[in-house]
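S.K.: Input: one structure, supplied below.
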Amino acid sequence: MPADANAYGDIFGGWLMSLMDSGAGLMAARRTKGRAVTVAMDGLAFHKPVKVGDEVSVYAEITSVGTTSMEISTDVFRRERHSVEEELVTSAKFTFVAIDDAGKPRKIGD
């Protein structure tokens, strides 16, 4: 939407990061069967801009799982409104930690 864009009509990078964190967070919550929080993000790269009106898709994949944490790779693709072709616009890796009700790390699967 226009409120999510800069003066040139490109979507703010922070808006895309929020989508990526939300998508990866949903995957982390399903895998941990409970609350999981973002503790790190790295490798963020903006490859191409996203314009107002583009369709945006976020894809996530769990790439490693430890005792209490996991790494999730995310890719964002854009598609022009009247096109069938997608192009990669953003990538990053997120680290999530499973936590209990007191906010303390817990084993994944507990």
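S.K.: Name the residue, out of Val97, Val76, Val50, that is more than 25 Å from Ala7 (Cβ to Cβ) and open to solvent by less than 30 Å² (accessible area, probe 1.4 Å).
M.R.: Within the list Val97, Val76, Val50, the selection yields Val97.
S.K.: Could you please tell me which pairs satisfy a Cβ distance under 8 Å, a separation of 6+ or placement on different chains, a first residue in segment 1-16 that is within 20 Å of Lys93 (Cα to Cα), and a second residue that is open to solvent by 90 Å² or more (accessible area, probe 1.4 Å)?
M.R.: What qualifies is Gly13/Phe46; Leu16/Phe46.
S.K.: Can you pull out every residue in segment 60-73 that is closer than 14 Å to Ala40 by Cα and either open to solvent by 70 Å² or more (accessible area, probe 1.4 Å) or of a type in the set (A, V, I, L, M) (or both)?
M.R.: Met70, Ile72
S.K.: Further question on the same structure: So, of the residues in segment 1-19 that are over 16 Å from the mean Cα position of the chain (by Cα) and open to solvent by 60 Å² or more (accessible area, probe 1.4 Å), which turns out to be nearest to Glu85 (Cα to Cα)?
M.R.: My answer is Met1.
S.K.: Determine which single condition Ser22 fails, assuming it passes every other condition in (1) part of a strand (DSSP E or B); (2) at pLDDT 95 or above; (3) surrounded by fewer than 17 Cβ atoms within 10 Å (Cβ to Cβ).
M.R.: Among (1) part of a strand (DSSP E or B); (2) at pLDDT 95 or above; (3) surrounded by fewer than 17 Cβ atoms within 10 Å (Cβ to Cβ), the lone unmet condition for Ser22 is (1).
S.K.: With respect to Ala92, is the statement that it is touching a residue at least 12 places away in the same chain (Cβ under 8 Å), of a type in the set (A, V, I, L, M, F, W, C), touching a Ser or Thr at 6+ places or on another chain (Cβ under 7 Å) and surrounded by 18 or more Cβ atoms within 10 Å (Cβ to Cβ) true?
M.R.: Yes.
S.K.: Within segment 34-89, which residues are in contact (Cβ under 8 Å) with a residue 40 or more places away in the chain and in a loop (DSSP other than H, G, I, E, B)?
M.R.: Passing the criteria: Gly34, Arg35, His47, Lys48, Pro49, Val50, Val52, Asp54, Gly66, Thr67, Thr68.
S.K.: Of all residues in segment 35-46, which are surrounded by 13 or more Cβ atoms within 10 Å (Cβ to Cβ) and either under 29 Å from Ser83 (Cα atoms) or not hydrophobic (A, V, I, L, M, F, W, C) (or both)?
M.R.: Arg35, Thr38, Leu44, Phe46
The values are calculated or read from the model by the stated rules, or taken from the named source; none is laboratory data. What you see is a predicted model; the values in this text were computed from it and never measured. Cβ: placed from backbone, ideal geometry, glycine included. Neighbour counts: every protein chain shown. Please note that ligands, DNA and RNA were not included when accessible areas were found on the heavy atoms of the full protein model with its side chains. Shrake-Rupley method; radii C 1.70, N 1.55, O 1.52, S 1.80 Å.
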